Amino acid sequence: MARPMSDRRFAPRPESLAPVRQLHAVTRNPGRKRRPKVFFATVTVVTIFLISVAQILLSISTQSGAYEIAGLQQQVKDLGRTYQSVTQDLDRMTSPQNIAHFAQALGMVGNSNPVYLRLSDSLVTGSASAAVAGRNLVGSSNLVPNSMLTDVMAEREAAARAVSDARARQAQTVVAGSTAANVASDRAPAPASATVAVPSPQGIPSPTTH
Amino acid sequence: MTTRTTRRRVALSFVIVVLIAVLFVTRLIDIQVVGATAYNEASSGKMSIPETVYGTRGDIVDSAGNLLATERMTYDVTVSPRNAKEFSRKTESGEVTVTPQMAAKEIAAVTKQSPDDIITIINDALADDPNSDFAYVAKGVDVDAFTAINSLDIPWIYFEQNPSRAYPNGAVAGNLLGFVGSDGTPLAGLELGEQDCVGGVNGSQSYARGADGVRIPGSTAVTEAAKNGSTLKLTIHSDLQWFAQQALAATASSQNAKWGMTVVMEVKTGRLVAVADYPTFDPNNIDAYAPEDRGSRAFTSPYEPGSTMKSLTAASIVDTGVATPLSQMVSPQYIEFPNGAKFRDWGPHPANLTLQGVMSWSSNTGISQLGALLEPEKRYDYLANFGLGQTTAVGFPGESAGLLRSWDEWDNQSFYTMFFGQGLTLTSIQMASAYAAIGNGGLRPPVSLVESCTDADGNVITPHQPEPVRVISEKAARTTVDILENIVTHGWLTDYINVPGYRIAAKTGTAEQADGHGGYSDKFIVSLAVLFPADDPQYVVLTSLASPDSNSNAAIVSDVNNLIKQIIKTEGVQPSTGKPVEYSDYY
């Protein structure tokens, strides 16, 4: 029982005896075999193409983004400079020297006497007296230098001079004009007041009272 | 045979592939590891641009937040002399040729130089080196000038930017603020003393730039992060500071005084509201001022105070109980003590004076006899507790402690003259602080100039302050203020120190000045110390003027009176209540 089994095991295989071709073409469905090749090739080529296009687009957008960023950064820089320029002006305009100068130029006079009105019993403490022009607490000229205001002060003085010169010229022309034309009118010459920069009455808010 | 050949071919190919791989890997390691540093350096040298990231210096603001010092970008205008040739510029009317002379004229109009100076700068640089590529045209121009010159589009003009310090209020508190050098190093004043707060730390970073000069996004590498300075808030009120400086300068210049100072301090807190110095100093324009005028004399220059010292003597003897305002003392015009000390009084006065009379007449002979009732050790303790001989809690750079010798080192003359402020020195700040102790019920609060330091994240650090020092009892302090108030109401001061509705206590001082040769000169330091309102003192004002034309306190009193009115208005000080206690000058 055992023997024939072992014989069968060692018996030469019938296939190895004949020179049979081990590899042979699969002949089934030859049409379907060619189609996948074209498909995959197409997919690969298209993918590569798409990737290239995407890369070019990405690169273009990055590049233009870089220019945009550079442009915006330049804008930030410029705006920063403008900001610095205006804050610089604001800061020196708010300096006590400048405010005092402005106030005095406007004809404001500081009243030195502190006076309080107590609301509970209407008692006035201190001696109420009117502020007198020319009796400023600390004199009229600025003794606390501020080199940041030098230009501003010079400009302002030049502007003030220009205004007074213009007024003087205006007055002269008016006088000359009226004499030349020999205008016998008791009305004040209108042009003088019209051209001098006087704040319009409409610009001053006033309450309507009844 | 065929199989073997195939195998050999395969093996050969394999070996070749491996060899090539080994070659590549070797080269890769050579590039990436062995020579990495050198290559990196070479590449970054060509591509990456290093730049300094400036750590901004912090602002300094006053007690209301008004800006006193800030950081600004300024620009240095530089030229490449060898390229300074004519160029063409497109204008609306077509292309025009701009010569260096024309360009220099345009630049000069902005920088306020003369055009010839700019041409000279270029020619000088070329004379030194015909290939010269760099010279300064103007340094430290502001942003407006930079924009103006930049828009001229001159191809051989370049800019360097530097952060620099700006003081928008100019000389307002300039003596306190100090200044920084052109490289940003703090050199004086609070800029130096508070460097830990306001100082910034510069960082550095680099970025890569394309061939067209455009920064490559994402290429910025921070080598070292910059740290911005914090905001320093002072106790100074900039409007009052300006007023004090203006008033002091007006008096000092009309009196031809050498120097002067005014200190305004809150009595209850020791906060300095204004510290005015004359000559004043604008830190925007350092070179225009003499080095000795660039600091705060109120902190750094001690002087012999003279008679304002008598208030401290009176407070001490009243506190120990050896005298009352009505204690009697024969006060002659001239006195000679057993130890040989001798001095005289300023002007004639009756001899039968009470302590009040001694103070009203400012009698040296009277106060020295009354003061001598105290033991020297005790006297020294009082003076030390008043804050003399030691710097204040402010710790101002270069602050002086004054000179207060130990009691066993006093010579015979100064043993007595110290009672009226000769033979010892102190600063204005120390004297104001001593008066604040008298006004604050005998408790001397620490002097403060810095309120807080706030960093960029909003963390507020307030400086550590020592505890107030008990100098005299509350009762003695009240009595001393009453004596000082009687000085005003009894004498000539009442015509000058007079604000309707407010009770005011004050003491004058006219101190001899050392002449530098061991004696005294004929010029004096006149002072006035004021506590107001006298019923509940809120402020102490101390003004001193050195070598005025008239050696009289009258020179300063009216300005001090104006300053008092200004303080009352600005700080909303309530009017006084009650009536002053009356002490007689004579017995």
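The values are calculated or read from the model by the stated rules, or taken from the named source; none is laboratory data. Model, not experiment: these values are computed from the prediction. Every residue, glycine as well, gets a Cβ built from its backbone with ideal geometry; the counts of neighbours run over all protein chains shown. Surface accessibility is based on the protein's heavy atoms, side chains included, excluding ligands, DNA and RNA. Shrake-Rupley method; radii C 1.70, N 1.55, O 1.52, S 1.80 Å.
General remarks:
- Chain B: proportion of alpha-carbon pairs further apart than 44 angstrom, %: 40 percent
- Taken per residue, the accessible surface of the range B:267-415 reaches 39 Å², heavy atoms only and a 1.4 Å probe.
- For chain B, excluding the exposed loop sites themselves (GluC sites (Glu not before Pro), DSSP loop, at most 15 other Cβ atoms within 10 Å), the longest remaining stretch covers B:93-581.
- Take each residue in A:87-98, count the other chain C-beta atoms within 10 Å of its C-beta, and the mean is 6.
- In degrees, nearest ten, helix B:2-29 long axis to first principal axis of chain B (Cα): 30 degrees
- Overall, the accessible surface of the range A:34-94 at a probe of 1.4 angstrom is composed of carbon and sulfur to the extent of 72 percent.
- Counting only residues at least eight positions apart within a chain, or on another chain, the aspartates and glutamates with an alpha carbon under 13 Å from that of B:LYS569 are B:ASP239.
- Residue-averaged 222 nm ellipticity for chain B, from DSSP H runs of 4+ at -39500 (n - 2.57), nearest 500: -10000 deg cm²/dmol
- To the nearest 10, the accessible area of B:SER63 is 30 Å² with a 1.4 Å probe.
- Counts of other chain beta carbons within 10 angstrom of each beta carbon in peptide B:242-248 average 6.
- Comparing Cα centroids, the range B:471-506 and the range B:1-34 end up 106 angstrom apart.
- Whether the protein assembly as shown is rounded, prolate or oblate, judged on the alpha carbon gyration tensor where a/c under 1.5 counts as rounded: prolate
- The B:ASP116 and B:LYS46 beta-carbon pair, evaluated with R₀ = 41 Å, returns a calculated FRET efficiency of approximately 0.50.
- The order of B:ASP287, B:ASP535 by accessible area, most exposed first and with a 1.4 Å probe, is B:ASP287, B:ASP535.
- Here each label is just a point 7 Å from Cα along the line to Cβ, and for A:ALA131 and B:ALA109 those points are 4.2 nm apart.
- Buried accessible surface for the B/A chain pair comes to about 3300 Å², total over both chains, computed with a 1.4 Å probe.
- Across B:LYS268/B:LYS475; B:LYS258/B:LYS342; B:LYS112/B:LYS233; A:LYS77/B:LYS85; B:LYS85/B:LYS139, pairs whose alpha-carbon gap is larger than 25 Å: B:LYS258/B:LYS342; B:LYS112/B:LYS233; A:LYS77/B:LYS85
- Computed over protein heavy atoms with a 1.4 Å probe, the accessible surface of the range B:134-238 works out to 43 Å² per residue.
- Computed lengthening from B:GLU474 to B:PHE87, 0.36 nm per intervening residue step minus Cα-Cα distance: 131.1 nm
- Peptides B:391-398, A:37-44 ordered by average Cβ neighbours within 10 Å, highest first: B:391-398, A:37-44
- Between 0 and 90 degrees, the angle of helix B:238-254 with respect to the longest Cα principal axis of chain B falls at about 60 degrees.
- Between the range A:102-134 and the range B:142-176, the alpha-carbon center distance in angstrom: 42 Å
- In the complete set of protein chains, residue-level accessible area for B:LEU190 is approximately 10 Å², probe 1.4 angstrom.
- Angle in degrees between helix B:474-490 and the longest Cα principal axis of chain B, rounded to the nearest 10: 70 degrees
- Taking label positions 7 Å along the Cα-Cβ direction at both B:ALA221 and B:ASP549, the computed distance is 7.1 nm, reported to one decimal.
- Largest-first ordering by accessible area, 1.4 Å probe, given options A:LEU72, B:LEU493: A:LEU72, B:LEU493
- Trypsin sites (Lys or Arg not before Pro), loop per DSSP, at most 12 other Cβ atoms within 10 Å - longest free stretch of chain B: B:113-587
- Residue by residue along A:111-119, Cβ atoms of other protein chains within 10 Å of the local Cβ number 5 on average.
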